[in-house]
Structure formats: structure tokens, C-alpha cells
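Student: One structure coming up, written as C-alpha cells, with questions to follow.
Every number here is computed from the coordinates shown, using simple stated rules; none is lab data. In this text the structure is predicted, and so the values were computed from the model without any measurement. Ideal geometry is used to build each Cβ from the backbone, glycine not excepted, and the neighbour counts take in all protein chains shown.
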């Protein structure tokens, strides 16, 4: 589905739209995901954060995931209470069932067609573990050229780890005498930012394990998501 159908960002009076794309399996979406989105929204003054559940992940067996319809429904419920968060069907596929592989480089190109006015700024929001695996992504060097990246991690994460993943040809040569920014890496056309102010330690793995053992997930996922999981008997 086109980003236009997923919802349009507001246009600032003195600047373009600032939008972040937050992709993932969201298996399930939890409070940690929302904490990352809120932290990014505050730091980069984002107009909207698009939560994009992956349909058919290229690096994980789809059989290990609940159907796309369930994961999108949970994302939509989690975003319902946040006016700047949008549940996106950008990777749902032609039949809406999320049964084909979507690559991030193509999704970003799709959004760039929508957010292409002067001053529009597009960010790709992801966790540090995902960024460190970036070389396994399709056309990752092209992807790094298409938009800025916001890498969420906990305090103490070393920027050098991110720098090692980036092809040297994309890095901007350091300027003599310039102080290094410990939370940003300047690339040829874009920038990789480190977002190290996220306090939540919730993980989807923890949520699934607790559900499999019949334990409560209160305080780990939004209440509406918890209710949906119970009604649909997911992760049992």
C-alpha cells in the first residue's frame, strides 16, 4: 500500500515533514518499541513515525511468525493512542496478507516518492542489533545513501561498532581539527545517528516466553495489545 494511503504527515510552516520509518516483525509489538519511537520523536522533532510490520521477512522463516494480519492488528492497536504514530501497510503485499518478501531498500524508495518536497527529512529507525547485521540486507549500501538512520541502543554502546559495518567509501573523510560527534556518523549523503536514551529493556522474546509459560505480560505490552493476544490465543 502506498504511504499516501497509510496517512500523510503534516507540513510544517517553516520546514518540511520529518518522518521516521520503523520496520520490524513486531512479534509482538511491546512497550520497548514505543519507547524507542517516543525517544526518536523527541530528539528529531518528528511529525510522524510509521510502524511497518514486515510481511515475509527475508532473513527469518515466515512459519515462525504469527500471520501478518495479527501482527498488523497489534501494531494498529499500539499506535491508536499516539497521534503521531501510524500503523503502515507498506509491506502488506498486493493481496494484503503480507505473503511476499519486501526489502527495506524498496520500502524506503516508496516513501521517498511521497516525502520528496523541499525540506522533507526521512529517517530509518532500527535497533543496534539490526544495524550490525546490515551487510546481510539487500543493497545495503544503496539503502545507506537513501535516508538518515537512527540506531537505538542502550547507554554505553560504542559508535565504533556501527562504523565498522559501513562501507568505507560511504564515510565522509574527517575534517582536520573537527571534534568527532560521539552520537553521529557522517556519510557521503546521509548521517547515522545513535539514539542512546532509551530506558526500556523489554524484548519480544521475553514477551513470547512469558506467554508460552502462561505468565502475565502486564506492563510489557500496551493493554489493548495484551487483550488482543488473549482473545486470539496467540503465542500458546
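Student: Given R₀ = 25 Å, what would the calculated FRET efficiency be for residue 172 paired with residue 106, taking r from the Cβ atoms and rounding to 0.05?
Tutor: 0.45
Student: At 0.36 nm per residue, and after removing the present C-alpha to C-alpha distance, how many nm does the segment from residue 139 to residue 154 gain when stretched out fully? Before the final figure, lay out the partial values.
Tutor: Values: separation 15, 0.36 × 15 = 5.40 nm, distance 2.74 nm.
So the extension gain works out to 2.7 nm.
Student: Treat the count of other C-beta atoms within 10 Å as a stand-in for reagent exposure and order 43, 224 from fewest to most.
Tutor: Ordered from fewest to most neighbouring Cβ atoms within 10 Å, 43, 224 come out as 43, 224.
Student: Using alpha carbons only, how many degrees (0 to 90, rounded to 10) separate the axis of helix 223-232 from the longest principal axis of the chain?
Tutor: Taking the Cα atoms of the chain, the angle to 223-232 is about 50 degrees.
Student: Expressed as cubic angstrom per residue, what is the convex hull volume of the alpha carbon set of the chain?
Tutor: 131
Student: Quick one: if you stick a label point 7 Å off each Cα along the C-beta vector at residue 165 and residue 199, how many nm between them?
Tutor: Result: 2.6 nm between the two label points.
Student: Hey, what angle do you get for helix 31-44 against the long axis of the chain, alpha-carbon based, 0 to 90 degrees rounded to 10?
Tutor: 30
Student: Before anything else, pin down the relative contact order of the range 3-202: Cα pairs under 8 Å, at least 6 apart, normalised by residue count, whole percent.
Tutor: Values: 326 pairs, mean separation 45.7, N = 200.
So the answer I get is 23 percent.
Student: Subtract the Cα-Cα distance of residue 117 and residue 224 from 0.36 nm times their separation in residues, and report this length gain in nm to one decimal.
Tutor: This chain segment gains 34.9 nm when fully extended.
Student: Roughly what angle does helix 68-79 make with the longest principal axis of the chain, taking Cα atoms, 0 to 90 degrees, to the nearest 10?
Tutor: It is inclined by approximately 70 degrees.
Student: How large is the convex hull of the C-alpha atoms of the range 95-164 per residue, in Å³?
Tutor: Each residue corresponds to 123 Å³ of Cα convex hull volume.
Student: If you count the DSSP beta bridges with both ends in the chain, what percent of them are antiparallel, to the nearest 5?
Tutor: 15
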